[in-house]
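Worksheet: the structure to be examined is printed underneath.
The values are calculated or read from the model by the stated rules, or taken from the named source; none is laboratory data. The structure displayed is predicted, hence computed values, not measured ones. In this analysis, Cβ positions are derived from the backbone assuming ideal geometry, glycine residues included, and neighbour counts consider all displayed protein chains. Surface areas here come from the heavy atoms of the whole protein model, side chains and all, with no ligands, DNA or RNA. Shrake-Rupley method; radii C 1.70, N 1.55, O 1.52, S 1.80 Å.
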Amino acid sequence: MHNKTITELAQSLRANDISSVELTQIYFDRIKQYGSLNSYITVTEKQALADAHAADKRLKAGNAPILTGIPLAQKDIFCTEGIKTSCGSKMLDNFIAPYNATVIEKFNAAGAVMLGKLNMDEFAMGSSNETSFYGHVQNPWDNNTVAGGSSGGSAAAVAARLAVATTGTDTGGSIRQPASFCGITGLKPTYGRVSRYGMIAYASSLDQGGTMTRSAEDSAILLQVMAGFDEKDSTSANKIVPDYSKNLNQSLKGLKIGLPKEFFSEDLNVDIAATLLAAIDEYKKLGAEIKEISMPMLKYAIPAYYVIASAECSANLSRFDGVRYGYRCDNPEDLNDLYTRSRGEAFGAEVKRRILMGTYALSAGYYDAYYIKAQKTRRLIAEDFKKTLNEVDVLMGPVTPSTAFGIGEKTNDPIQMYLADIYTIAINLAGLPAMSIPTGFIDKKPVGLQIIGNYFEEAQLLNVAHQYQQVTDWHQQIPKGY
Ligand code: GLN
């Protein structure tokens, strides 16, 4: 049962081959069995079984939406009413959210069952899930390597079949990079496509929620529920949501694929390059045309991102002050002591580093030199994309510079860790949608292909991914032992 897709499970539930309660129980048994992966922070067994029971009733009554009774799990960045919402931090270890994020409300309305909350880097800052207060997540393909970050728990849970599908968030690569490391399908939608209401903010102009699934087909089903305008999020886009599943069988004849030469420079690992070129050959067989293009501004993405993301996080995280909610230090001497010790004791090293960098970049005298400059660079990067996406339909390239690296390998070198996002970050700066899909293995570790589309063209992206998944089976591989 745990190897079935959403569509297959929806059929099994309707054919009475299994009930949602039974299916949910199978997943809880697996979550216990594979607890050492550390993909979950909180497991919500009681609530899930009650919801599964309600879903079974709804299924019997007929006309239930496709996600009814399907066990999903949520990144612990989405607020869940009455349930701990930690964002991977000691700061929120005691925080029970008083309301649901819009995304959670939508899944509840669709009848999905939530198995629990997934491990992540603290406040989504990281590329390996090693900054989590709850410890690192193991990659099911090789337990000595990281699952990627910041949505490491979400990726590992899908790869190890500890949830049918999960959500993630992507500020600079946090859906795509762990998806690539764990051999699953990750979609970061256009900025504004999915509501950020109740999604704990890291860098508000970059954050976007999305899907982590086994296939593009499952991703289409999840996005259908998540996407759409939300008046509670002033940056959410008031645009029609197309039928993503219906659009999955379009021919790729004549599709123009752009390959930015900056993505395929000699810096790219040769084995990854060979794997990607094989995938691109597959696209040629499907009728696509390949065009080499150049995007000279891409090389400035990392510095621009780390100035902007740090600046925004320094402002966003000022709300965690020990007064309103979250961690509070013992016996503060005065207000200042309360602020400084609560923050000092509850934030981890990486979060502190970002707050310091961001505060510095925003301070008088440095604002023009760093923040304004980074914003101008961001605009140039977006223009680069705009120009190329006028010439081609989608862009393709690597997701990561290497396959999953060893646990502890980069923790003492923040710059090396930041470079793990070199191929994903520019897309967030431009606000575009992008996917990572499995395209092979190097030394038994998964490799992902990145597909980047134009604004609000998720339907096209999903179709481009789906067509490849119809003629290959990389996305169906299961790590040994799961
Ligand atoms: N690794 C990047 C960072 O640490 C991206 C994280 C993310 O997308 N949430 O900021």
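Inspect all residues belonging to segment 227-236 and state whether any of them is over 23 Å from the mean Cα position of the chain (by Cα), assigned to a loop (DSSP other than H, G, I, E, B) and touching a residue at least 40 places away in the same chain (Cβ under 8 Å).
Scanning segment 227-236, I find no residue that is over 23 Å from the mean Cα position of the chain (by Cα), assigned to a loop (DSSP other than H, G, I, E, B) and touching a residue at least 40 places away in the same chain (Cβ under 8 Å), so the answer is no.
When you scan segment 461-476, how many residues do you find that are in contact with a Lys or Arg (Cβ under 8 Å, 6 or more places away or on another chain) and under 19 Å from Ala159 (Cβ atoms)?
Going through segment 461-476 one residue at a time, the tally reaches 2.
Please count how many residues of segment 114-143 are more than 16 Å from the ligand (Cβ to nearest atom) and aromatic (Phe, Trp, Tyr).
2
When you check Ile372 against the structure, is it farther than 21 Å from Thr169 by Cα, more than 16 Å from the ligand (Cβ to nearest atom) and in contact with a His (Cβ under 8 Å, 6 or more places away or on another chain), yes or no?
no
Of all residues being among the β-branched types (Val, Ile, Thr) and either under 14 Å from Lys117 (Cα atoms) or buried (at least 16 other Cβ atoms within 10 Å of the Cβ) (or both) in segment 19-52, which is nearest to the chain's Cα centre (by Cα)? Just the residue, please.
Looking at residues that are among the β-branched types (Val, Ile, Thr) and either under 14 Å from Lys117 (Cα atoms) or buried (at least 16 other Cβ atoms within 10 Å of the Cβ) (or both), I get Ile41.
Scan segment 428-441 and give yes if some residue there is away from the ligand (no atom under 16 Å from the Cβ) and hydrophobic (A, V, I, L, M, F, W, C), otherwise no.
Yes - at least one qualifying residue is present in segment 428-441.
What number of residues in segment 86-103 are within 17 Å of the chain's Cα centre (by Cα) and either of a type in the set (Val, Ile, Thr) or closer than 13 Å to Thr167 by Cβ (or both)?
Of the residues in segment 86-103, 3 are within 17 Å of the chain's Cα centre (by Cα) and either of a type in the set (Val, Ile, Thr) or closer than 13 Å to Thr167 by Cβ (or both).
With away from the ligand (no atom under 16 Å from the Cβ), surrounded by 14 or more Cβ atoms within 10 Å (Cβ to Cβ), within 24 Å of the chain's Cα centre (by Cα) and among the β-branched types (Val, Ile, Thr) as the only criterion, which of Ile272, Ile293 stands out?
Being away from the ligand (no atom under 16 Å from the Cβ), surrounded by 14 or more Cβ atoms within 10 Å (Cβ to Cβ), within 24 Å of the chain's Cα centre (by Cα) and among the β-branched types (Val, Ile, Thr) holds for just one of Ile272, Ile293, which is Ile272.
Listed here are the residues, each with its yes/no results for (1) over 24 Å from Ala309 (Cα atoms); (2) surrounded by fewer than 24 Cβ atoms within 10 Å (Cβ to Cβ); (3) modelled with pLDDT of 95 or more; (4) in contact with a Leu (Cβ under 9 Å, 6 or more places away or on another chain).
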| position | (1), (2), (3), (4) |
| --- | --- |
| Ser86 | no, no, yes, yes |
| Met91 | no, no, yes, yes |
| Val103 | no, no, yes, no |
| Gly111 | yes, yes, yes, yes |
| Met120 | no, no, yes, no |
| Gly126 | no, no, yes, no |
| Asn129 | no, no, yes, no |
| Asn143 | yes, yes, yes, yes |
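Take residues that are under 24 Å from Thr439 (Cα atoms) and tell me which of the helices (runs of 4 or more DSSP H) falling wholly in segment 256-350 contain 3 or more.
Once the helices (runs of 4 or more DSSP H) in segment 256-350 are filtered for at least 3 residues that are under 24 Å from Thr439 (Cα atoms), what remains is 270-285.
Considering only segment 298-314, I want to know if a residue exists there that is in contact with a strand residue (DSSP E or B) (Cβ under 7 Å, 6 or more places away or on another chain) and within 30 Å of Phe385 (Cα to Cα).
Yes - at least one qualifying residue is present in segment 298-314.
Can you tell me which residue within segment 201-212, out of those that are open to solvent by less than 10 Å² (accessible area, probe 1.4 Å) and touching a residue at least 60 places away in the same chain (Cβ under 8 Å), is farthest from Asp76 (Cα to Cα)?
Leu206
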